[in-house]
Amino acid sequence: MIDRLKLKLLLTRSHRPDVALLKPERLLLARIRGRQIRMLDLGVGSGRTAYTFAPLCTEYIGVESDGEQIEASRKLVGESPSVSFAEGGARDLSAWAGARFDVVLYSLNGLDTIEPEGRRKALGQIRSVIADDGIFCFSSHNLEAFPFSPSWPDALPHRPLRWAWRIGRHVPYNLRLQKINRDHDAGELRARGWAELVDGTRGFDAANYYVLPEIAERQLQAAGFRLEAAYDLNGGLIDLHAPPRDAFIHYFAIPI
């Protein structure tokens, strides 16, 4: 949970927090800058990543299942012959069959909102629309982060009453988080390699998919990808044999 507070801080430090890229996404930006790129941006939301990537691509398509967010993306970025937004999801990319995108991006753990069977299908669909020399970049929740640590606000030395108020607001959240996951045994989940856990990020009525990095690599291989690199939130390379407890990890994969 600490990593989520860190993520919020990283975004709010940007001049435009609503369109800020995370450090691993900046690595992707540096990699494609100056190239002729066709890009498929899945789970584009209200246009956070589109704001930066769309103007750099010869063809950019942002896909989102929420129609209101699609309209927000259109309002933020605009559409043109090279930039478009479409309503849809990763489990069915038949509309772009044979498109061969140079980059497919699925940011902010969007893949983890799909149930396990749908996740496998989505990975297969992504493989079917990516160029042989393309790259697939996505982030996914890390099962090593479970059991969840309580999240607390940063100290406010000069505003102790406000800090105490914030602490008070976090207490029921942390208690509910622990209670709702109390029947999960961390050892059993790690033995399986994945789990659907309620972490509060989509409310307490929806679960997110969590996976061990080594299992995520096997899932990619089964879908026809080779894991090129994995990064933490600071953009540092991760050793999959000694993964950190970061709440989520960024994966860069290439077709095989």
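The values are calculated or read from the model by the stated rules, or taken from the named source; none is laboratory data. Note that the structure is predicted; figures quoted are calculated from it, not measured. When we count neighbours, we look across all protein chains shown, and the Cβ atoms used for this are built from the backbone with ideal geometry, even at glycine.
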### Query
Since residue 48 meets every condition but one in (1) loosely packed, with under 14 Cβ neighbours inside 10 Å; (2) in a loop (DSSP other than H, G, I, E, B), which condition does it not meet?
(1)
### Task
Starting from the range 218-238, take each residue that is without any contact (Cβ under 8 Å) to a residue 12 or more places away in the chain and list its partners that are of a type in the set (Ser, Thr, Tyr) and surrounded by 18 or more Cβ atoms within 10 Å (Cβ to Cβ), counting only C-beta distances under 8 angstrom and pairs at least six apart or across chains.
237/231
### Failed item, numbered, when residue 70 is tested on (1) outside any loop (DSSP other than H, G, I, E, B); (2) at pLDDT below 95; (3) not hydroxyl-bearing (Ser, Thr, Tyr)
(2)
### Message
Between a residue in the range 161-189 that is among the aromatic types (Phe, Trp, Tyr) and any residue that is surrounded by 12 or more Cβ atoms within 10 Å (Cβ to Cβ), which pairs come within a Cβ distance under 6 Å, given they are 6 or more apart or on different chains?
### Response
163/156
### Query
Just for the range 23-35: of the residues that are free of Cβ contacts under 8 Å to residues at least 40 places away in the same chain and part of a loop (DSSP other than H, G, I, E, B), which one is farthest from residue 122 (Cα to Cα)?
34
## Note on the structure
By residue number, the members of the range 121-142 that are over 30 Å from residue 234 (Cβ atoms) and either at pLDDT below 95 or not β-branched (Val, Ile, Thr) (or both) are 121, 124, 125, 128, 132
### Task
Could you give me the residue pairs with C-beta distances under 6 Å whose first residue belongs to the range 90-101 and is farther than 19 Å from residue 65 by Cβ, whose second residue is modelled with pLDDT of 95 or more and surrounded by fewer than 17 Cβ atoms within 10 Å (Cβ to Cβ) wherever it lies, and which are 6+ apart or on separate chains?
100/131
### Query
Take the residues of the range 123-153 that are of a type in the set (A, V, I, L, M) and outside any strand (DSSP E or B): which is surrounded by the most Cβ atoms within 10 Å (Cβ to Cβ)?
126
### Message
What's the total number of residues in the range 215-241 that are under 20 Å from residue 256 (Cβ atoms), at pLDDT below 95 and not hydrophobic (A, V, I, L, M, F, W, C)?
### Response
0
## Note on the structure
Residues in the range 92-133 that are polar (S, T, N, Q) and under 19 Å from residue 36 (Cα atoms) total 0
### Query
Can you tell me which residue in the range 212-256 is nearest to residue 148 (Cα to Cα), limited to those that are of a type in the set (Asp, Glu) and either part of a strand (DSSP E or B) or touching a Leu at 6+ places or on another chain (Cβ under 8 Å) (or both)?
246
## Note on the structure
By residue number, the members of the range 94-114 that are assigned to a loop (DSSP other than H, G, I, E, B), at pLDDT 95 or above and out of contact with any Ser or Thr (no Cβ under 7 Å at 6 or more places or on another chain) are 100, 114
### Task
Name every residue in the range 228-248 that is crowded, with 19+ Cβ neighbours inside 10 Å and under 14 Å from residue 136 (Cα atoms), in order of residue number.
230, 231
